[in-house]
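Notes follow the structure.
Derivation of every value follows stated rules applied to the coordinates shown; laboratory data play no part. As the structure is a computational prediction, the values presented were derived from the model and not from experiment. Ideal geometry is used to build each Cβ from the backbone, glycine not excepted, and the neighbour counts take in all protein chains shown.
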Amino acid sequence: MAYRRTPAVQARLDAQAGSIVRAAMTVLSRDGYAGLSMAAVAAEAGVATGTVYKTFSGKAELVTAVFREVVTREVAAVAAAGDSSTGLARLGDGPAQLGNGLAWLGDGPAQLGEDLSVDSTAAAATSATATATVTDSAATGPKTARERVSAAVETFAGRALKNPKLAYVLLVEPVDTAVDTERLRFRRAFAEIYESAIADGVASGQLPPQDPRTSATALVGAIGEVLVGPLAEQLESESVVPELVAFALRALGVPQE
């Protein structure tokens with residue numbers, strides 16, 4: 001008869017996996033992808049290196065799990081800011097099996113172990129935020145294209161600058177192919193949020209005619225490129241976010257107020 005894990009055993013394994021991924025996020029926030037090793041994660045998690053390898057086959061699989069968890073939350077936050085649930089479905093197969101929720105990218109690494117750690121109930125609430133926001137906006141009236149794009153850019157860039165090392169890993173640091181695949185999904189999910197706002201803006205006459213997908217993809221690339229400098233150099237310039245918002249609005253042809 002084949003062995004079947006009991007619910008208690010599975011819960012313990014899930015909790016252990018969540019602990020290891022949280023430890024990996026701590027290491028990434030401190031040392032980046034290049035500085036992460038399975039031994040370093042094991043030391044951070046307080047377990048043997050062999051335990052980490054029993055849970056994840058290697059560095060790429062472990063960091064992929066971190067990417068999926070953090071990116072799901074970041075997309076939910078940006079989608080909520082931009083009044084759009086678009087992009088969330090693309091990340092719907094994320095690491096819910098890890099059981100324990102992980103960290104908010106935007107809360108910064110200084111508070112790891114406290115504010116960054118959330119339980120599965122909070123994680124579910126986070127994923128539902130975008131849908132709730134869209135529902136609320138139906139009662140108060142939809143946001144304009146200007147408001148949706150501005151809010152999405154402000155949220156993404158502002159949160160990235162609060163945890164520059166981890167955001168640098170997510171955006172541009174050289175990584176393994178498997179991890180880079182998650183990065184592409186990350187970028188596509190954000191592009192879909194902008195695409196939805198742009199398409200609605202064009203349809204309503206708030207924006208000039210343009211291809212929403214092309215414009216959205218260009219925005220994601222431009223914003224990420226601008227953030228490379230501040231992130232890589234651990235800078236937090238007060239002018240970066242407002243300048244990015246202004247650029248995005250000009251690029252889309254939003255009329256000046």
Reachable lysines from residue 165, criterion Cα separation under 26 angstrom, eight or more residues apart if same chain
59
Separation between the residue 49 and residue 203 pseudo-spin-labels, each 7 Å from Cα along Cα→Cβ, expressed in nm?
5.5
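May I ask for the net charge around residue 222, where only other residues with Cβ less than 14 Å from the Cβ of residue 222 are counted and Lys, Arg are +1 while Asp, Glu are -1? List each step's numbers first, then the result.
Details: positive: 187, 250; negative: 225, 243.
Counting the neighbours of residue 222, the net charge comes to 0.
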Under 13 Å from the 7 Å Cα→Cβ point of residue 238, by amide nitrogen: which residues of region 148-170?
none
Residue separation between residue 210 and residue 31 times 0.36 nm, minus their alpha-carbon distance, gives in nm 60.3 nm
Counting Lys +1, Arg +1, Asp -1, Glu -1, what net charge surrounds residue 146 among other residues with beta carbon under 15 Å of its beta carbon?
-2
